[in-house]
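A.B. asks: Let me give you the structure first, and then I'll get to my questions.
Just so it is clear, none of the values below were taken in a lab; they were calculated from the coordinates. Computed from a predicted model, the values in this text were never measured in an experiment. Backbone-built Cβ (ideal geometry, glycine too); neighbour counts: all protein chains shown.
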Ligand SMILES: Cc1cc2nc3c(=O)[nH]c(=O)nc-3n(C[C@H](O)[C@H](O)[C@H](O)COP(=O)(O)O)c2cc1C
Ligand code: SF4
């Protein structure tokens, strides 16, 4: 068999990289006090252990106090970071992975009310839409100060024993200098392309003066902004050639696009339903033109595409960043001939969207990523084999079945419908969200390999469950939509699920009351609009779709803005009544506005789900623990040992939306952390 191109080593100056797969910079917002402490370290070490060639730590680690953290960035302007970085790099090196770090000054891509509340700076007053600060236009003393801040930070990195540095130059200060859209300074730091490049060249020179000529230094840089008036591809190639000619740059990590808006960011880092590897050819063209080591990442989510990227010579190192959040063991699985076992990244972008909400990056269907200290990526065998019945084959049920089977238990799954997946199947009705089925399919395949028995079209009542004489029962029966939210007229409305499942035909003139603010409402609106309907989405919240985060909203807006869909915020549907053969919907407001009426032909309500919990409550008196979960044990990772009913026949646990409406990650996390100790 020919050697796998992905597993071939690569020599970058003195640094031997053991294969071609890297994780590119991604700030997972795990820092504690701005430092990469135990949680941060454990995350990178897991990937190093499993074979990644290089892990680019941080993402946008801040070099200066006036580049305050907007997503819990590492603070490289502090000396105390050195020992923390040293521990992290030593621990990764022990497992054979190279370790670099991305440094940046965010320029205008931050907020003035973070950190030390210093003025936000940029080479012009142009505001970045995403972070909303109106920047101060930089003065000579800002420029000189920040150049030495870069050099100081680089010295800290070298002192910590890392293998290299990457400077962030897309959407951040360095390329804010490059782009005519964000630099209206005059020479020497503005004006011509040479002037606009001067800041970057001065930063490189200052860094080299501290770390020497051998230390590895690269740029992750935009070489085509794809924005009117911004850097063109020709500008980008000219920049790349000048960087090479400086003799101070060892690699280019090629980026295409702009990140000043949510839409731009989403084209640069595409999510599910968007093209795979859309900028790979561009990266290849840069490599061919400039003849420098080229790294690249942008939705190369599967091994076949990564292999193509290397085999075709488009890039030297390929980033599989979100793919490693979904499965940190990709390289090991390739080496072991177990590619089929790789947990797929389904492009849900829960990870990246969360950091802009101030949360840590978590993968929608791998709850262990970022929680390595408390939840292992590998399931340990249980001391004894037990009989486990799982009711429900949605995400929580499938995860409970998978983990239990990995533990070595005998597992049977009872599912009322003919197929696994639960609510994920509804989400995947949208062609754009079809990849969500990967969450289901991967679990079903893993379960089948582990010998889990599935009984579909099987109603799990008490008899069906107890007939298996289980030791443990997981009830993961999910939820059903709840539409009883009106003062009058609940019987006249349909649920968003009815529309998505096709049980109710979309109306022509529809009021969609969204009191949950999640995907279901916008997905239903898309279905109605696609059928030719007009939709007004009404929400009592101060923004629409508050549970859909920035990048996930982009594809919805692209489709809904082209359709006959409008949004009304801060109004609450009060009641619905018949009006001839139409419906009169009355809207009120929490703010005291006068009621308004709409006459439409369909009212759709999206108000989350209520638990389907009959089975749980029927089983409860028969169980040893009466359904109770010992949260202390759960959070410490200890075995559940509740025996409040010693005469009970089995232990009983309820998971996911069968407890309360949450999301896929919560459902899978519920199951993973409980089942691993059973
Ligand atoms: C949680 C998260 C944070 C990120 N933060 C950064 C960052 O700080 N700097 C950066 O250059 N890229 C950042 N990225 C982008 C990744 O480096 C990468 O370009 C992107 O995820 C596309 O590659 P992928 O499809 O292999 O995930 C981040 C990505 C994620 C998922
Ligand atoms: S949340 Fe989605 S995009 Fe992010 S790593 Fe997980 S599967 Fe991939």
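A.B. asks: How do 603-616, 92-105 rank on mean C-beta neighbours within 10 Å, highest first?
C.D. replies: Put in order of decreasing packing, that is 92-105, 603-616.
A.B. asks: Take 381, 49, 205 and order them by how many other Cβ atoms sit within 10 Å, fewest up front.
C.D. replies: By the 10 Å Cβ count, ascending: 381, 205, 49.
A.B. asks: Now, a different point. Considering Cα pairs under 8 angstrom that are at least six residues apart, work out the relative contact order of the stretch 560-678 and quote it in whole percent.
C.D. replies: Averaging sequence separation for qualifying contacts and normalising by length gives 18 percent for the stretch 560-678.
A.B. asks: Given a cut-off of under 8 Å on Cα pairs at least six residues apart, what relative contact order in percent is computed for the chain?
C.D. replies: This gives 10 percent for the chain.
A.B. asks: Calculate the FRET efficiency for residue 591 and residue 504 from the Cβ-Cβ distance with a Förster distance of 25 Å, rounded to the nearest 0.05.
C.D. replies: About 0.20, to the nearest 0.05.
A.B. asks: Roughly what % antiparallel, to the nearest 5, for the DSSP beta bridges in the stretch 529-678?
C.D. replies: In the stretch 529-678, approximately 65 percent of DSSP beta bridges are antiparallel ones.
A.B. asks: By counting other Cβ atoms within 10 Å of each Cβ, how are 542, 86, 425 ranked from fewest to most?
C.D. replies: Exposure proxy ranking, most exposed first: 542, 86, 425.
A.B. asks: How far, in degrees from 0 to 90, does helix 395-406 lean away from the longest principal axis of the Cα atoms of the chain, to the nearest 10?
C.D. replies: So the helix axis and the longest Cα principal axis differ by about 80 degrees.
A.B. asks: Then there's this: If you line up the long axis of helix 437-449 against the longest principal axis of the chain, both from Cα atoms, how many degrees apart are they, to the nearest 10?
C.D. replies: Approximately 70 degrees, to the nearest 10.
A.B. asks: What's the extension gain from residue 662 to residue 291 if we count 0.36 nm per residue and subtract their Cα-Cα distance?
C.D. replies: Extending this stretch completely gives an extra 128.6 nm.
A.B. asks: Run the helix sum for the chain: -39,500 (n - 2.57) per DSSP H stretch of 4+ residues, divided by residue count, reported at 222 nm to the nearest 500 deg cm²/dmol.
C.D. replies: The per-residue figure over the chain is -9500 deg cm²/dmol.
A.B. asks: Based on DSSP, what percent of beta bridges with both residues in the chain are antiparallel, to the nearest 5?
C.D. replies: The antiparallel fraction comes to roughly 20 percent.
A.B. asks: Classify the chain: rounded, prolate or oblate, from the alpha-carbon gyration tensor (a ≥ b ≥ c, eigenvalue square roots; a/c under 1.5 rounded; otherwise prolate if a/b is larger than b/c)?
C.D. replies: Note, shape of the chain comes out oblate.
A.B. asks: Let me ask you something else. At 0.36 nm per residue, and after removing the present C-alpha to C-alpha distance, how many nm does the segment from residue 441 to residue 542 gain when stretched out fully?
C.D. replies: Answer, rounded to one decimal: 32.6 nm.
A.B. asks: Determine, from the Cβ-Cβ distance of residue 568 and residue 488 and an R0 of 22 Å, the FRET efficiency 1/(1 + (r/R0)^6), rounded to the nearest 0.05.
C.D. replies: Efficiency, rounded to the nearest 0.05: 0.60.
A.B. asks: Need one number: nm distance between label points at residue 419 and residue 305, each 7 Å from Cα along Cα→Cβ, rounded to one decimal.
C.D. replies: 2.3 nm
A.B. asks: Further question on the same structure: Over the stretch 297-419, what relative contact order in percent results from Cα pairs under 8 Å that are six or more residues apart?
C.D. replies: Relative CO of the stretch 297-419 lands at 16 percent.
A.B. asks: Starting from the Cα of residue 458, step 7 Å along the direction of its Cβ; do the same at residue 155; then give the gap between the two resulting points in nm.
C.D. replies: So the label points at residue 458 and residue 155 sit 6.8 nm apart.
A.B. asks: OK, next. Sorting 590, 657 on the 10 Å Cβ count, fewest up front, what's the list?
C.D. replies: 590, 657
A.B. asks: Along the Cα→Cβ direction, 7 angstrom out, place labels at residue 245 and residue 581. What is the inter-label distance in nm?
C.D. replies: My value for the distance between the label points is 7.5 nm.
A.B. asks: Ok, one more. When DSSP beta bridges are limited to those with both residues in the stretch 1-133, what percentage is antiparallel, rounded to the nearest 5?
C.D. replies: 30 percent
A.B. asks: Using mean Cβ contacts within 10 Å as the protection proxy, how do 396-407, 272-283, 446-457 order, highest first?
C.D. replies: Top of the packing list down: 396-407, 272-283, 446-457.
A.B. asks: Answer rounded, prolate or oblate for the stretch 41-162, using the Cα gyration tensor with square roots of eigenvalues a ≥ b ≥ c: rounded when a/c is under 1.5, else prolate when a/b is larger than b/c, else oblate.
C.D. replies: Prolate.
A.B. asks: Between residue 387 and residue 132, 0.36 nm times their residue separation minus their Cα-Cα distance comes to what?
C.D. replies: Gain on extension, residue 387 to residue 132, equals 86.2 nm.
A.B. asks: In degrees, nearest 10, range 0 to 90: what is the angle between the Cα axis of helix 233-246 and the longest Cα principal axis of the chain?
C.D. replies: 50 degrees
A.B. asks: How many angstrom lie between the C-alpha centres of the stretch 618-642 and the stretch 168-192?
C.D. replies: Their Cα centres are 59 Å away from one another.
A.B. asks: Pull out a ≥ b ≥ c, the square roots of the eigenvalues of the alpha-carbon gyration tensor of the stretch 554-637, then state rounded if a/c is under 1.5, prolate if not and a/b is larger than b/c, and oblate in the remaining case.
C.D. replies: prolate
A.B. asks: To continue, here is another question. Apply 1/(1 + (r/R0)^6) to the Cβ-Cβ distance of residue 340 and residue 4, taking R0 = 22 Å, and write down the FRET efficiency to the nearest 0.05.
C.D. replies: Plugging the Cβ-Cβ distance into 1/(1 + (r/R0)^6) gives 0.90.
A.B. asks: Could I ask something else about it? Determine, for each peptide in 133-141, 249-257, the mean count of other beta carbons within 10 angstrom over its residues, then list the peptides with the highest first.
C.D. replies: Result, highest mean Cβ count within 10 Å first: 249-257, 133-141.
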